[in-house]
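The values are calculated or read from the model by the stated rules, or taken from the named source; none is laboratory data. Just so it is clear, the structure is predicted and the values come from calculations on it, not from any experiment. Using ideal geometry, Cβ is built from the backbone for each residue, glycine included, and neighbour counts are taken over all protein chains shown. With ligands, DNA and RNA removed, areas are computed over all heavy atoms of the protein, side chains included. Shrake-Rupley method; radii C 1.70, N 1.55, O 1.52, S 1.80 Å.
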Amino acid sequence: METQEMINEINRLKKEKNVVILAHNYVTLDVQDIADFVGDSLQLSIEASKVKADIILFCGVRFMAETAKILSPQTKVLLPVEDAGCPMADMITGEQLRQFKNNHPNALVMCYVNSTAEVKAESDICCTSSNAVKIIETLPRDQKILFVPDQNLGTYAAHQTKRHIIVWDGYCPVHHIKMTKQDVLDMKKQYPKHKLLVHPECPTEIIKYAHVVASTKGMADYAKEHDNLIIGTEVGLFEQIKRDNPDKSILPLASKAICVNMKKIHLKDVLTSLQTEQYEITLSEELRKAAKKSIDAMLKLS
Ligand code: 13P
Ligand code: SF4
């Protein structure tokens with residue numbers, strides 16, 4: 001099938017089956033273009049909680065689709081590619097978190113939204129990259145905090161809030177490995193006047209060079225108002241920003257910073273998912289309700 005034919009069929013099925021397509025900023029631009037809403041994790045969670053449709057088709061990774069199901073239980077939630085996961089979310093299990101909690105009694109558990117439903121269910125409050133600092137600021141200064149699974153977001157939030165936070169040692173392979181301090185030094189040498197924007201999933205040795213540390217939405221918003229930028233996150237966001245600001249000098253920090261899981265979703269997978277209604281996200285009601293508590297606690301403060 002030709003691309004345009006596929007797009008027409010996606011749009012037809014979307015209407016016929018009353019489907020809303022949500023997409024993360026990292027999926028390819030052709031997939032972003034057929035979505036009803038494109039955004040960062042916080043925006044997508046908020047959208048999922050408001051959706052009035054029979055089906056949510058989630059173009060992103062599994063924890064995002066799971067979050068949509070947690071917030072919108074009456075809606076069928078589809079993930080077009082079954083194994084589109086987030087390696088960082090899988091770096092801590094519910095059992096490991098229970099053990100971590102046993103080792104630190106009286107601590108409050110904050111989980112990054114990039115986590116499984118089981119981990120959310122064991123946590124007190126959830127956060128995204130755009131609200132982690134803000135949420136920690138609302139907690140009593142002497143509150144002991146455990147942060148899972150991202151060591152980098154946890155460490156960044158600890159520095160920003162001047163709190164003692166005990167972090168799990170998970171990380172995002174894209175921000176922690178595929179982007180390096182050497183990439184920063186090379187780009188700064190080549191483009192000394194450009195401002196560096198980075199995601200808080202980057203390690204401290206990259207963050208310390210940044211002009212702006214923000215979620216994907218935060219970076220896209222900054223780029224609307226500024227020129228001469230280096231984008232330090234997954235390349236999907238760079239491509240979106242470049243397309244929306246074609247006359248500006250905008251460069252990726254590292255063009256090898258590709259999230260292979262986000263890139264698994266192609267238009268043909270979206271079409272097949274609409275046709276077959278696969279792969280449906282299912283969670284037991286007990287797990288869903290337990291996980292929802294930590295997300296609700298976050299949304300109340302966002
Ligand atoms: P954002 O919430 O900033 O979009 O980040 C999600 C993510 O997975 C980053 O790797
Ligand atoms: Fe997970 Fe990293 Fe991909 Fe984001 S970029 S979905 S944290 S692997």
Original post:
So which of LYS101/LYS256; LYS144/LYS263; LYS242/LYS264 end up more than 32 Å apart by C-alpha?
Top reply: LYS101/LYS256; LYS144/LYS263
**OP:** Would you mind computing, in nm to one decimal, how far apart the modelled labels at SER255 and LYS268 are, each placed 7 Å from Cα along Cα→Cβ?
**Re:** 2.6 nm
Original post:
If you build the Cα gyration tensor of the chain and take the root of 5 times each eigenvalue, what three semi-axes come out, in whole angstrom, biggest first?
Top reply: 29, 27, 15
Subject >> Full-stretch length increase - GLU137, GLN275 - with 0.36 nm per residue and alpha-carbon distance subtracted >> reply: 45.1 nm
Original post:
Relative to the present Cα-Cα distance, how much length would full extension add between LYS144 and ASP83 at 0.36 nm per residue of separation?
Top reply: 18.4 nm
Original post:
lysines near LYS52 by alpha-carbon distance under 22 Å, same-chain residues fewer than 8 away left out - which ones?
Top reply: LYS14, LYS15, LYS17, LYS69, LYS76, LYS289, LYS292, LYS293, LYS300
Subject >> Two-decimal Rg to Rh for segment 170-302 - Kirkwood Rh, Cα set >> reply: 1.06
**OP:** Please report the relative contact order for the chain, taking Cα pairs under 8 Å with a sequence separation of at least 6, and give it as a percent rounded to a whole number.
**Re:** 23 percent
Original post:
Using unit Cβ charges (K, R positive; D, E negative) and no other charged atoms, how large, in debye to the nearest 20, is the dipole of segment 204-302 about its Cα centre?
Top reply: 160 debye
Original post:
With charges set only on the Cβ (+1 for Lys and Arg, -1 for Asp and Glu), what does the dipole of segment 1-54 come to about its Cα centre, in debye to the nearest 20?
Top reply: 300 debye
Subject >> Farthest toward positive dipole pole in segment 1-71 [+1 Lys/Arg, -1 Asp/Glu at C-beta], among ASN25, ASN8, ILE56 >> reply: ILE56
**OP:** Specify which residue in the list ALA290, THR272, LEU253 is farthest towards the positive end of the charge dipole of segment 160-302, using unit charges on the beta carbon of Lys, Arg (+1) and Asp, Glu (-1), about the Cα centre.
**Re:** LEU253
**OP:** Nearest 5 is fine: what % of DSSP beta bridges in the chain come out antiparallel, could you say?
**Re:** 5 percent
**OP:** Find the relative contact order for segment 49-94 and round it to a whole percent, using C-alpha pairs within less than 8 Å whose residues are 6+ positions apart.
**Re:** 41 percent
Original post:
Hey, what's the Cα Rg ratio for segment 1-66 versus the globular rule of thumb, 2.2 N^0.38 Å?
Top reply: 1.09
Original post:
Which value in nm describes the separation of the simple spin-label points at VAL212 and LYS193, placed 7 Å from the Cα toward the beta carbon?
Top reply: 1.8 nm
Subject >> Size of electric dipole in the chain: Cβ of Lys, Arg +1 and of Asp, Glu -1, about Cα centre, debye, nearest 20 >> reply: 880 debye
Original post:
If you roll a 1.4 Å probe over the heavy atoms of the protein chains, what accessible area per residue do you get for segment 147-302, in Å²?
Top reply: 47 Å²
**OP:** Give the long-range amide H neighbours of LYS195: residues separated by 5 or more places, or on another chain, with amide H under 5 Å away, using H modelled in the peptide plane at 1.01 Å from N.
**Re:** LEU229, ILE230
Original post:
Taking 0.36 nm per residue of separation and subtracting the Cα-Cα distance, what length does fully extending GLU9 through SER302 add?
Top reply: 101.8 nm
**OP:** Report the far tail of the P(r) of segment 169-221, meaning the percent of Cα-Cα pairs longer than 16 Å.
**Re:** 41 percent
Subject >> Accessible-area composition of segment 73-114, carbon plus sulfur, in percent [1.4 Å probe] >> reply: 47 percent
Subject >> Over segment 17-149 - Rg/Rh using Cα atoms and the Kirkwood inverse-distance radius >> reply: 1.01
